[in-house]
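The values are calculated or read from the model by the stated rules, or taken from the named source; none is laboratory data. On a predicted model such as this, the values are computed, not experimentally measured, just so you know. A quick note on method: Cβ atoms are made from the backbone with ideal geometry, for glycine too, and the neighbour counts reach across all protein chains shown.
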Amino acid sequence: MKTESFELKLDENKTIIVEFRDLAERANGSVFVKYGDTCVMANCVMSPKEIEGLDFFPLTTLYEEKFYAVGKMFGSRFQKREGRPTEQCILNSRLIDRAIRPLFPAGLHREVQVVVTCLSWDKTIDPAVLGLFAASLVLSASDIPWNGPLTPIKFGERDGRILLFPPVEENRDSTKLDMTVSFLRSESGKEILVNMIEAGMKEISEEIVAKVMFSGREYAEKMISFQEEIVKKIGKTKVLLPQIENDENLESQVKQFLSGKLEKAIFEEGSLTEIKEEFSDFLKQFEDESKIKPAHHIFEFEAEKTMHDGVIKKDIRIDGRNSKQIRNIECDAGILRRIHGTGVFCRGQTKVISFLTLGAPGDQKLMEEMEMVGKKRFMHHYNFPPYCVGETGAMRGPGRREIGHGMLGEKALRGVLPDPSDFPYTIRVVSEVLCSNGSSSMASTCGACLALMDGGVPIKSPVSGIAMGLMLDMDKNKSTEEKEYRIITDVQGEEDHFGDMDFKVAGSKNGITAVQMDIKVRGITERIVIEALNQAKIARMEILEKMLSVLPEPRKDISQFAPRIYILKINPLKIGDVIGPGGKIINEIIDACAVTIDIEDSGEVYVTADKKENGERAIEWIKNLTHEVSVGEVFHNATVKRILDFGAFVEFLPGQEGMVHISELDEKRVAKVTDVLKIGSVIPVKVISIDEQGRINLSLKQAKK
């Protein structure tokens, strides 16, 4: 078995080992990448022929997690094989796809599939980050046309220190920063550019975010150079794409048809719908069908160039706004009485309603993933039905896009949620996109924030979000750092289609809580990143002002239709007394009081009830069960349970019994216990002693004094 190995020592504690083996020899490329005891495998394949008539690039990126990688058995007794990818698996696939997709050349219409599999994981590095590095390396060394390499850098935080490639265990809810950035060289090779960002954080300023991001350039330079050296040594010759000859006559005809019409459609009418219909009629004159597709490409290029020139040179956009203007914003909250909380957010044609549901601690989502096993307290789910873009289609479960957008909103709001000790509810927000024309994910974040506030969730700070775009000079003879550009605020549909960047920023007045960036060009400079963050802040504050004019702060109380949670702290040693043999006692309380009960190992008891009286009754029941009796206490409603010759056993608290000796029944001598007591009698008793074994001795006569 042939193996070629390469090693990169980033510093004293960080070493990457790359192995090219001929195990997956029928793939176009295959590589194993190791970091500590973590190992990922990346394989890429390209179909041998182009797909005729395709107007998009058919790339499939898959990240696979296998439970053998962490020595775990997956699933239940009946299902041991990994099936549908987990949510984290889907998010990892999207992370890799978003970084590598822009670097495939235009005109590639062969199917390409990149599969990254985590073979072993020791928790010393995020496997998705190592997977993205492996994907870059395997594509760079393969014969598939691709304009890499790139490299991801993961940033974390601990005790105020910024960590590069932090252990995954350090990157949970307690961390203030969790950011992955993908870097690559500019066309000139003189500058390191950014081509993808994914981040969640706890209200960090724009200045610090940018500073942290570009502190990773030294590592990025090393990791890119490492890949370039490998490609020089073992890289395959890239497949040559068929050269498309320009049809100058067709180009002239299309440009002549579009002359004057395109500018009017974009800058006066604000829509390309009518001109596209006219163009379809124009194309009917061509008998040669082979001209139809090239004509559409010319139309797309001219529309893109016109839109870019209008923004860059004249600061005018498709709907007449300038680069920094936000569309009209309307907000509302509390529109449905029985819902625990609702938020409505409209920005131009993009309109979203978010719905809050509060549940018991036991309603938390149980996570069984390779990277995490545990519970999830907060969920934000995003739905994008076909009618929101005026189309028909199947209404299936959430796709990768819906899962990704839902998670972006979740990251944006997670950092401002109250601590579980202050607000122990399980929180679910569902954002329904009713109409979409650009950045429905940020609209969902704003709507979800309003829903939380309407539902009385005491968030630390309100959060708003905005999507920033970019129009970059289309001159192919200039490198990115030489090109003119203009950043645009509040991207809408056509600008997203023809523009070069989708830069989403969410945060509060105190700082950023989430960032997600995708691009269509090679990359963006540090200057563009900083300018986009600062321009986004201005927009976020404007949006936040509109939101707060409707709902200035979280409501003082949760909805009357939301369940109430009552908290009780008991001695952990008494947990068994509440549960009872086989759960008998706790189930009796649940059934009798119509509540749900969650008990932590620390002794915290959470009783969730729809009615106040039910919750209070259950709490009182549990208090009595776990009451730690002391000598001298008097109980006025003890029930006689058993009678013996020498005394009687009485239940003075639910589940707690003690004995009244015959000598403690009365001041005068009692011949027989039954002369004084009967089973079921209710009597007062006083605790007179507790022996070393915890047995409680009671007195009837002393209780009467």
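If the condition is being free of Cβ contacts under 8 Å to residues at least 40 places away in the same chain and closer than 23 Å to residue 598 by Cβ, then segment 400-452 contributes 410, 419, 421, 422, 423.
Tallying residues that are assigned to a loop (DSSP other than H, G, I, E, B), within 45 Å of the chain's Cα centre (by Cα) and farther than 15 Å from residue 301 by Cβ within segment 261-288 yields 2. Answer yes if at least one residue in segment 218-241 is basic (Lys, Arg), surrounded by 14 or more Cβ atoms within 10 Å (Cβ to Cβ) and closer than 30 Å to residue 11 by Cβ, and no otherwise. Yes, the conditions are met somewhere in segment 218-241.
Of everything listed in (1) farther than 30 Å from residue 293 by Cα; (2) part of a strand (DSSP E or B), the single unmet condition for residue 138 is (2).
Let's see how each residue does on (1) out of contact with any Lys or Arg (no Cβ under 9 Å at 6 or more places or on another chain); (2) over 30 Å from residue 293 (Cβ atoms):
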site	(1), (2)
200	no, yes
210	yes, yes
213	yes, yes
239	no, no
243	yes, no
246	yes, no
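Just one of the listed residues (553, 588) is among the charged types (D, E, K, R) and either at pLDDT 95 or above or out of contact with any Gly (no Cβ under 9 Å at 6 or more places or on another chain) (or both), namely 553. Does segment 85-95 include one or more residues that are closer than 30 Å to residue 229 by Cβ, crowded, with 16+ Cβ neighbours inside 10 Å, in contact with a Phe, Trp or Tyr (Cβ under 6 Å, 6 or more places away or on another chain) and in the same structural domain as residue 225 (by TED's automatic domain parsing)? Yes; the residues of segment 85-95 include at least one that is closer than 30 Å to residue 229 by Cβ, crowded, with 16+ Cβ neighbours inside 10 Å, in contact with a Phe, Trp or Tyr (Cβ under 6 Å, 6 or more places away or on another chain) and in the same structural domain as residue 225 (by TED's automatic domain parsing). Exactly one condition in (1) closer than 30 Å to residue 275 by Cβ; (2) in contact (Cβ under 8 Å) with a residue 60 or more places away in the chain; (3) out of contact with any strand residue (DSSP E or B) (no Cβ under 9 Å at 6 or more places or on another chain) is not met by residue 497; state its number. Single failed check for residue 497: (2).
Has segment 130-145 got any residue that is touching a residue at least 60 places away in the same chain (Cβ under 8 Å), among the aromatic types (Phe, Trp, Tyr) and touching a Gly at 6+ places or on another chain (Cβ under 9 Å)? No - not one qualifying residue is present in segment 130-145. Residue count for segment 180-226, restricted to those that are assigned to a strand (DSSP E or B), touching a Gly at 6+ places or on another chain (Cβ under 8 Å) and at negative phi: 10.
Can you spot a residue in segment 444-454 that is closer than 18 Å to residue 204 by Cβ, aliphatic (A, V, I, L, M) and either surrounded by fewer than 24 Cβ atoms within 10 Å (Cβ to Cβ) or not assigned by TED's automatic domain parsing to the domain that holds residue 90 (or both)? No: zero hits. Taking segment 344-360 as the range and being aromatic (Phe, Trp, Tyr) and either more than 19 Å from the chain's Cα centre (by Cα) or not assigned by TED's automatic domain parsing to the domain that holds residue 542 (or both) as the test, only 345 passes.
With respect to residue 254, is the statement that it is part of a loop (DSSP other than H, G, I, E, B), in contact (Cβ under 8 Å) with a residue 24 or more places away in the chain and not assigned by TED's automatic domain parsing to the domain that holds residue 137 true? Here the answer is no, as residue 254 does not meet what is asked.
Considering only residues in segment 646-676 that are among the small types (Gly, Ala, Ser) and without any contact (Cβ under 8 Å) to a residue 24 or more places away in the chain, the one that is nearest to residue 703 (Cα to Cα) turns out to be 663.
Applying the selection to segment 428-447, what residues are in a strand (DSSP E or B) and either under 15 Å from residue 87 (Cβ atoms) or not hydroxyl-bearing (Ser, Thr, Tyr) (or both)?
428, 429, 430, 432, 433, 434, 435
Would you point out the residue of segment 473-502, among those that are of a type in the set (A, V, I, L, M) and either in contact with a Leu (Cβ under 8 Å, 6 or more places away or on another chain) or buried (at least 24 other Cβ atoms within 10 Å of the Cβ) (or both), that is nearest to residue 390 (Cα to Cα)?
Only one residue fits best here, namely 491.
Condition check ((1) surrounded by 21 or more Cβ atoms within 10 Å (Cβ to Cβ); (2) out of contact with any helix residue (DSSP H, G or I) (no Cβ under 8 Å at 6 or more places or on another chain); (3) closer than 14 Å to residue 381 by Cβ; (4) not hydrophobic (A, V, I, L, M, F, W, C)) across all residues:
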site: 402; (1), (2), (3), (4): no, yes, yes, yes
site: 408; (1), (2), (3), (4): yes, no, yes, no
site: 415; (1), (2), (3), (4): yes, yes, no, yes
site: 421; (1), (2), (3), (4): no, yes, no, yes
site: 425; (1), (2), (3), (4): yes, no, no, yes
site: 431; (1), (2), (3), (4): yes, no, yes, yes
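For segment 570-629, the candidate set comprises residues that are part of a loop (DSSP other than H, G, I, E, B) and within 16 Å of residue 361 (Cβ to Cβ); within that set, the residue that is nearest to the chain's Cα centre (by Cα) is 600.
Could you say whether any residue in segment 419-427 is outside any strand (DSSP E or B), in contact with a Leu (Cβ under 6 Å, 6 or more places away or on another chain), at pLDDT 95 or above and not hydrophobic (A, V, I, L, M, F, W, C)? Checking segment 419-427: at least one residue is outside any strand (DSSP E or B), in contact with a Leu (Cβ under 6 Å, 6 or more places away or on another chain), at pLDDT 95 or above and not hydrophobic (A, V, I, L, M, F, W, C).
Residues in segment 448-480 that are outside any loop (DSSP other than H, G, I, E, B) and not hydrophobic (A, V, I, L, M, F, W, C) were compared, and the one that is modelled with the lowest pLDDT is 480.
Residue 370 is checked against (1) assigned to a loop (DSSP other than H, G, I, E, B); (2) at pLDDT 95 or above; (3) surrounded by 13 or more Cβ atoms within 10 Å (Cβ to Cβ) and fails just one. What number does that condition carry? The one condition residue 370 does not meet is (2).
Of all the listed residues (514, 562), the sole one being among the small types (Gly, Ala, Ser) and in a loop (DSSP other than H, G, I, E, B) is 562.
The sole residue among 598, 675 that is modelled with pLDDT of 90 or more, out of contact with any Ser or Thr (no Cβ under 6 Å at 6 or more places or on another chain) and outside the structural domain of residue 426 (by TED's automatic domain parsing) is 598.
Here residue 206 fulfils each of the conditions (1) more than 20 Å from the chain's Cα centre (by Cα); (2) crowded, with 17+ Cβ neighbours inside 10 Å; (3) without any contact (Cβ under 8 Å) to a residue 24 or more places away in the chain apart from (3). Being under 20 Å from residue 543 (Cβ atoms), in contact with a strand residue (DSSP E or B) (Cβ under 7 Å, 6 or more places away or on another chain) and either of a type outside the set (A, V, I, L, M, F, W, C) or assigned to a strand (DSSP E or B) (or both) holds for only one residue in 326, 353, and it is 353.
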